[in-house]
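Down below is the structure, laid out as structure tokens.
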Amino acid sequence: MEEPNTSGKPVAFEVWVSLFIGVYFFYVLLWLTPESVFKSKLFSPIYTPWLFCGLNQSWSLFSPLIRELNYYPSAIITFEDGSKVLWEPPLMDNLNLLERFQREKFRKWSIDSLPWDRFKDYWVDFARYVGRQYYNPDNKPVSISLNVRWIEIPKPSEHFLRQAELPARTKFNTNFCYRYTKEDFQ
């Protein structure tokens with residue numbers, strides 16, 4: 001059995017663990033503060049490991065803001081010959097129960113992350129990913145635009161609608177445009 005430290009000096013391991021816990025709690029509290037330049041500067045050095053460890057919990061899970069928009073992202077890919085193709089993530093309304101289960105993570109990523117400026121660092125990677133899906137050496141993709149189709153959801157107190165009765169997403173914003181280079185397809 002190891003004898004307790006009676007010298008009055010803390011053991012190095014205990015100091016490191018205490019320091020780690022203190023830094024962790026500091027960043028958890030920082031994560032919960034409103035967005036600001038100060039928060040971004042303090043968070044930027046550890047943001048990648050923070051996301052990697054899955055510590056980016058959105059506390060709105062327990063009391064979410066009710067969405068006022070019905071939206072989904074889409075992309076338009078333009079080819080050398082001028083033709084275009086529309087890319088859309090899986091729309092849950094068009095899938096059966098098994099397909100919904102299989103594609104839920106992709107849907108969540110495409111709705112909650114892809115179209116928003118906060119995740120714009122990933123837009124170039126997304127453009128390359130979609131471009132490689134549609135790559136044809138005889139008619140290569142030239143450009144892509146990331147778009148959001150949306151419509152306001154009527155307030156339930158004014159006009160209650162079931163999900164299947166929501167109005168079509170007829171409004172359209174372009175968030176990002178990318179012109180492909182030959183290196184994107186290597």
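The values are calculated or read from the model by the stated rules, or taken from the named source; none is laboratory data. No experiment lies behind these values; they were computed from the predicted model shown. Neighbour counts run over all protein chains shown; Cβ positions are idealised from the backbone, glycine included.
Just a few scattered comments:
- Annotation: Leu91 fulfils all but one of (1) in contact with a strand residue (DSSP E or B) (Cβ under 7 Å, 6 or more places away or on another chain); (2) among the hydrophobic types (A, V, I, L, M, F, W, C); (3) in contact (Cβ under 8 Å) with a residue 24 or more places away in the chain; the unmet one is (3).
- Flag for Lys108 being in a helix (DSSP H, G or I), in contact with a Phe, Trp or Tyr (Cβ under 8 Å, 6 or more places away or on another chain) and either free of Cβ contacts under 8 Å to residues at least 40 places away in the same chain or in the same structural domain as Leu166 (by TED's automatic domain parsing) (or both): no
- Within segment 134-151, the set of residues being surrounded by fewer than 11 Cβ atoms within 10 Å (Cβ to Cβ) and in contact with a strand residue (DSSP E or B) (Cβ under 8 Å, 6 or more places away or on another chain) comprises Asn136 only.
- Residue in segment 38-45 that is out of contact with any Leu (no Cβ under 9 Å at 6 or more places or on another chain), modelled with pLDDT of 80 or more, of a type in the set (S, T, N, Q) and in the same structural domain as Tyr178 (by TED's automatic domain parsing) present: no
- Qualifying residue in segment 55-70 (condition: surrounded by 10 or more Cβ atoms within 10 Å (Cβ to Cβ) and modelled with pLDDT of 85 or more): no
- Candidate set from segment 8-21 (those that are part of a helix (DSSP H, G or I) and exposed (fewer than 10 other Cβ atoms within 10 Å of the Cβ)); member that is modelled with the lowest pLDDT: Ala12
- Qualifying residue in segment 115-133 (condition: without any contact (Cβ under 8 Å) to a residue 60 or more places away in the chain, loosely packed, with under 12 Cβ neighbours inside 10 Å and more than 25 Å from Leu51 (Cα to Cα)): yes
- Single condition Asn5 does not satisfy, out of (1) surrounded by 10 or more Cβ atoms within 10 Å (Cβ to Cβ); (2) at pLDDT 80 or above: (2)
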